[in-house]
Amino acid sequence: MQELLVLTPLNSLLLILVMLLAVVIWRYSATALHAETDKPRFMRALATTFSAVIFTLLSNHLLLFWFGWVLISFSLQQLLLFYPQRPRAQLAAHKKALSARCGELLLALAFMLLYAEYDTANITALIQLIATQTTLSLTGHIAAMLLVLVALLKCAQLPLHGWLIHVVEAPTPVSALLHAGIINLGGILLLTFAPLLSLSMPAASLLLVAATLSTVLAALIMTTRISIKVRLAWSTVAQMGLMLVEIALGFYTLALLHLLAHSCYKAYAFLHSGNAVNHYLAAQLAQPVIPHLRHWFASLSLAAGLIGITHLLVIPFVNLSSALLLILAISVLLLPALTRTDSRRPVRLLIANGCAILLLAIYLAGKTLLQYIAPADNALSMVADLFASLAFLSLFALALLLRYHAQRSAVNRLFIWLNAGGYLDEWATRVTLKLWPFTPQPTKKNTELTPVETVK
C-alpha cells in the first residue's frame, strides 16, 4: 500500500516555515486578543487552520490533498469573520468564499483528469510518471491549465484580488497568517506539480502573462496607498505575482527562495505594523533628498558592475530577467548613499556596498542550498525571458515617474486610476454579487468597541 502521508525535502522545509509562523502568530494572538471575549473561538480556528495546512503539505494522495485544501478555506473563513458585525468583513469573506469554491472545483477537475490519465492518485507516483515523459497529452495540458488557474485564484491575482485587500477588516494576526502563509499555497501547488507545468507551454504561458500583468499593476497601485495594511496587501499581490512569474519561467529554486523570504518578511511586517507611524516620523525627520538623473545612473552602473563581477567570478546568470531584477534592487539600495553630498558620503557608500554584497551573498547561498530541495529548474524560453525583463523595466520606469513626476498631467491621471485600483475590484464585485448575491447578516449593534477594535 502506497503511503498516504509522506515527508519529502520540500515539504519538510515548508513544515519548518509553517511551524515557525504558527509559534509566532499564536503567541502574538494570545497577547493581542487578551481582552476579547471570543478569544477561545479565535484560537480554535487558528489551530484548525494551521493543522489543515500541515495536513495538506504532508498529503501524498490527491483526495487527501484536496480535502486539506478545502479545510484550510473553511477554517480561514471563521477567522475572517471574527468581527461579524462589520459589513466590509462580511463582504470580504463572501468574495473569498466564492473565489475559494471556484478554486476547489477547478482543483478537483484537475485531479480527476490526472487520475484518469495516469491511473494513480498517489502524488509521488504521479510526479514520477510525468517526469519520464517528454510531451503531454491533451488531458495533461488541460490539467496543467486548471492548476495554473487554481494558483492564480489562491494567490489573489488581478482582477480577482479584492477579497485580499478587504480582509484587513480581520485582526492583524489573521492578516499575518494569510499573507505570510496561506496565500503561498498557490505557489506550493505549482512547485509540487512542477514537472507537469514544465511540459505544458500553454499553461506556463498563461501563468507568465497573467502573473506579470498582475505584478506590474499591483506594484504600481501599492505606491499610491497610504493605509499601511492595505499597502501591505497590495504588496502581497505583487509579490505573489512575481513568485508565479518565476515559476512560469522555470526558475523553481528562485521561486522557493522568494516564497520563504516573503513569508518571513510579511509576517514581521503585519505583526510590526503598529510602529508604522514611528517609522514615518523618522523618515520625515531624515529629510529625504530627491535624487537626480546622475544619481540613478551611478547607482545602476555600480549595481550592474557588481552583478557583472559576480557573473564572471562567482556564478554565471543564465537568464536576463533574474540578473535585471538584482540590478534594479541593488541600485535602489545604493541610491540613498549616492544622493546626499556631504562629508559622510564615502562612508555611507562603503556601507551600502557592503550591504549589497552581503545580500547578494545570502541570495546566492540560499539559491545554491535550495537547488537540492526545489524541483530542477527548466527555463521556459528566451522570448519569455525578454517579456519578463521588459515588464520589470516598465515597472521600474513607471514607479519612478509616479514618485518624482506626479505633477505632470498624464502621470497624474495614471496616479488617479491606480489609486482607484484600476476600478478592477468594483467590476469584480459587481460580477461576484450577480453570481452569488450577498445580504449582510443582521447583528446586534455594539455601542462600545472592544479594546482590540479601539486599537484597530
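Every residue in region 83-104 that is aliphatic (A, V, I, L, M), in contact with a Ser or Thr (Cβ under 6 Å, 6 or more places away or on another chain) and open to solvent by 20 Å² or more (accessible area, probe 1.4 Å), please.
L98
Taking interchain pairs and intrachain pairs at least six residues apart, which have beta carbon atoms under 8 angstrom, with the first residue in region 402-429 and free of Cβ contacts under 8 Å to residues at least 60 places away in the same chain and the second surrounded by 13 or more Cβ atoms within 10 Å (Cβ to Cβ) and among the aromatic types (F, W, Y)?
A406/F415; Y423/W417
Does at least one position in region 242-261 carry a residue that is farther than 23 Å from V318 by Cα, β-branched (V, I, T) and in contact (Cβ under 8 Å) with a residue 12 or more places away in the chain?
No, the conditions are met nowhere in region 242-261.
Sort out which residues of region 334-347 are under 14 Å from H295 (Cβ atoms) and part of a helix (DSSP H, G or I), and write them in order of number.
Passing the criteria: L334, L335, P336, A337, L338, T339, R345.
Based on what the data block shows, is A176 open to solvent by less than 20 Å² (accessible area, probe 1.4 Å) and either in contact (Cβ under 8 Å) with a residue 24 or more places away in the chain or not polar (S, T, N, Q) (or both)?
Judged against the criteria, A176 is a match.
Tell me which residues, restricted to region 125-159, are in contact with a Gly (Cβ under 7 Å, 6 or more places away or on another chain), open to solvent by less than 10 Å² (accessible area, probe 1.4 Å) and under 17 Å from W66 (Cβ atoms).
V150, A151
Among the residues that make up region 20-37, is at least one of them surrounded by 15 or more Cβ atoms within 10 Å (Cβ to Cβ), farther than 16 Å from N184 by Cα and within 19 Å of the chain's Cα centre (by Cα)?
yes
Does I290 count as exposed (fewer than 15 other Cβ atoms within 10 Å of the Cβ), at pLDDT 85 or above and β-branched (V, I, T)?
no
Can you find, within region 205-233, the residue that is nearest to A248 (Cα to Cα) among those that are among the hydroxyl-bearing types (S, T, Y) and open to solvent by 40 Å² or more (accessible area, probe 1.4 Å)?
S205
Can you give me the ranges of the helices (runs of 4 or more DSSP H) entirely in region 188-250 with at least 2 residues that are touching a Cys at 6+ places or on another chain (Cβ under 7 Å) and either modelled with pLDDT under 95 or closer than 28 Å to H141 by Cα (or both)? Let's see the steps before the verdict.
Working: elements: 194-198, 201-222, 228-248.
Result: 228-248.
Failed condition for N122, given (1) crowded, with 22+ Cβ neighbours inside 10 Å; (2) at pLDDT 90 or above, with all others met?
Answer for N122: the failing condition is (1).
Name the one entry in L64, L80, L46, L71 that is within 21 Å of N11 (Cα to Cα), open to solvent by less than 40 Å² (accessible area, probe 1.4 Å) and under 25 Å from the mean Cα position of the chain (by Cα). Walk me through it before giving the result.
On the way: L64 fails: open to solvent by less than 40 Å² (accessible area, probe 1.4 Å); L80 fails: within 21 Å of N11 (Cα to Cα); L71 fails: open to solvent by less than 40 Å² (accessible area, probe 1.4 Å).
Just a single option satisfies the conditions, and that option is L46.
For region 431-456, which positions are surrounded by 10 or more Cβ atoms within 10 Å (Cβ to Cβ), modelled with pLDDT of 70 or more and out of contact with any Leu (no Cβ under 7 Å at 6 or more places or on another chain)?
The answer is V431, L433.
Can you work out which of the residues in region 83-118 that are under 21 Å from the mean Cα position of the chain (by Cα) and of a type in the set (D, E, K, R) is nearest to R44 (Cα to Cα)?
Our first condition is that a residue be under 21 Å from the mean Cα position of the chain (by Cα); within region 83-118, this holds for 92-93, 95-104, 106-107.
Next cut, of a type in the set (D, E, K, R) only: 95-96, 101, 104.
Details: K95: 23, K96: 20, R101: 23, E104: 23 Å.
Top of the filtered list is K96.
Do the conditions hold for A379, that is, is it open to solvent by 60 Å² or more (accessible area, probe 1.4 Å) and either acidic (D, E) or touching a residue at least 12 places away in the same chain (Cβ under 8 Å) (or both)?
Yes, satisfied.
One line per residue, one yes/no per condition, for (1) part of a loop (DSSP other than H, G, I, E, B); (2) open to solvent by less than 50 Å² (accessible area, probe 1.4 Å); (3) out of contact with any Leu (no Cβ under 9 Å at 6 or more places or on another chain); (4) not polar (S, T, N, Q):
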site: A303; (1), (2), (3), (4): no, yes, no, yes
site: L306; (1), (2), (3), (4): no, yes, no, yes
site: V332; (1), (2), (3), (4): no, no, yes, yes
site: L349; (1), (2), (3), (4): no, yes, no, yes
site: L364; (1), (2), (3), (4): no, yes, yes, yes
site: S389; (1), (2), (3), (4): no, yes, no, no
site: L393; (1), (2), (3), (4): no, no, no, yes
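Being under 18 Å from F270 (Cα atoms) and touching a Lys or Arg at 6+ places or on another chain (Cβ under 9 Å) is the filter here, so list the residues in region 157-168 that pass it.
Result: W163, L164, H166, V167, V168.
Only residues that are of a type in the set (S, T, Y) and within 29 Å of Q128 (Cβ to Cβ): list them for region 43-72, please.
Result: S51, T56, S59.
The values are calculated or read from the model by the stated rules, or taken from the named source; none is laboratory data. These numbers come from a predicted model, not from an experiment. We place every Cβ from the backbone using ideal geometry, glycine too, and count neighbours over all the protein chains shown. Just the protein is used for accessible areas: all its heavy atoms, side chains included, with ligands, DNA and RNA removed. Shrake-Rupley method; radii C 1.70, N 1.55, O 1.52, S 1.80 Å.
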